[in-house]
Structures are given as C-alpha cells and as structure tokens.
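A short worksheet on the structure shown next.
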Amino acid sequence: MIRSFSPQAARDAAVRPRGAPPPVDPALLGTPVLIIEDEAMIAWTLESLFDDMGFTSVSLAPDADAAIAAARADAPGLIVSDINLGHGPDGVAAVAAITAAAPTPTVFVTGYACEDVRARIARAVPGAAVLRKPVQLDELQRAVIDALRGSTPH
C-alpha cells in the first residue's frame with residue numbers, strides 16, 4: 001500500500017481532533033444564514049458559532065414576524081431557529097411560512113425536542129434537523145454541513 005504525504009493534510013489532521021466535523025466547504029461560507037431566536041444571549045452565541053465556522057452573512061430575528069420580514073428582504077440559504085419564541089407564532093410556524101415560498105435547509109436548536117415536537121417539525125418543515133440546547137460547535141457544524149449538502153438529518 002502506498003500512502004501519499006500532504007503537509008496541508010497533516011496540519012489539518014493535527015489541528016482537528018479525532019471525530020471533529022470536517023471544516024465547512026469554503027464555497028458554502030457565503031450562504032446567508034437567518035437565526036431566529038428570542039433570547040439575545042443565545043442569538044449572539046449562535047451568531048458567534050457561525051462566525052467561528054467562517055460564515056460571512058448572518059442575520060438575527062427575535063420573533064416570527066421579524067424572521068418572515070428578514071427572509072422577504074434577503075432570502076436565507078440556511079435557517080437556524082428556536083421553537084419557543086415567546087409571544088406570537090413559534091419557530092416552527094415561522095420557518096414553515098418562510099419555506100413555503102422557497103424550501104430552505106433548516107436546523108432547529110431548541111430545548112423542546114420531544115417526540116410530539118419532532119413529529120410537528122417533520123410535517124411542517126420536512127428534512128429539518130433538530131438539535132437540543134445547549135448546542136456545541138461540532139454538533140452544530142455537522143448539522144449545518146448536512147443541511148447545506150442536502151443530507152437527511154439524524
């Protein structure tokens with residue numbers, strides 16, 4: 001068996017721990033991301049995680065109405081949403097309204113991931129991934145890569 005050596009691959013392997021997700025394809029880093037989250041600290045944390053992954057266009061919306069308006073103004077290429085948005089429509093309803101016009105890869109990040117909620121998401125936003133809070137960078141990164149590649153979420 002012949003193995004080739006690539007200094008760049010060796011550096012990448014040394015930097016990325018075993019089991020860590022691969023880096024996001026640079027071609028995807030310009031994808032506009034819409035984060036729908038009513039809690040400011042969580043929204044900023046998610047924004048920071050996307051910044052850490054290298055994304056360059058991230059918008060924040062604190063509720064369903066703001067999310068729908070933001071999506072109309074600048075169509076997102078990826079939606080990351082909480083489910084419970086306080087008063088008014090929840091994240092599932094907001095994402096369903098946005099994706100009705102144009103299917104968009106979606107990742108829900110929520111503390112409410114029981115089977116009933118997952119079933120509702122599957123009906124309203126087929127193919128959406130669901131992650132439980134608190135979410136870690138590697139878990140979010142895997143879900144984002146899968147969503148943007150069109151893979152079926154776990």
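The values are calculated or read from the model by the stated rules, or taken from the named source; none is laboratory data. None of the values given here were measured: they were computed from a predicted structure. Note that we place each Cβ from the backbone using ideal geometry, even for glycine, and neighbour counts take in every protein chain shown. Remember, those area values only see protein heavy atoms, side chains included, never the ligands or the DNA or RNA. Shrake-Rupley method; radii C 1.70, N 1.55, O 1.52, S 1.80 Å.
Within region 83-102, track down each residue that is part of a loop (DSSP other than H, G, I, E, B) and out of contact with any Gly (no Cβ under 9 Å at 6 or more places or on another chain). Write out each step before concluding.
From region 83-102, those part of a loop (DSSP other than H, G, I, E, B) are 83-90, 102; that's our starting set.
Correct list: G86, H87, G88, P89, D90, A102.
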Among the residues listed as I145, I121, the single one being aliphatic (A, V, I, L, M), in a helix (DSSP H, G or I) and over 22 Å from A27 (Cα atoms): I121
Matching residues in region 99-130 - criterion: being among the β-branched types (V, I, T) and in contact (Cβ under 8 Å) with a residue 40 or more places away in the chain: T106, V107, V109
Residue list for region 38-82, restricted to those being assigned to a loop (DSSP other than H, G, I, E, B), within 20 Å of V24 (Cβ to Cβ) and open to solvent by less than 30 Å² (accessible area, probe 1.4 Å): G54, F55, P76, G77
Output for region 91-121, where each listed residue is under 17 Å from the mean Cα position of the chain (by Cα), within 16 Å of K133 (Cβ to Cβ) and open to solvent by 20 Å² or more (accessible area, probe 1.4 Å): G111, Y112, R118
Count of residues meeting criterion [open to solvent by 40 Å² or more (accessible area, probe 1.4 Å), under 24 Å from E47 (Cβ atoms) and aliphatic (A, V, I, L, M)] in region 122-133: 0
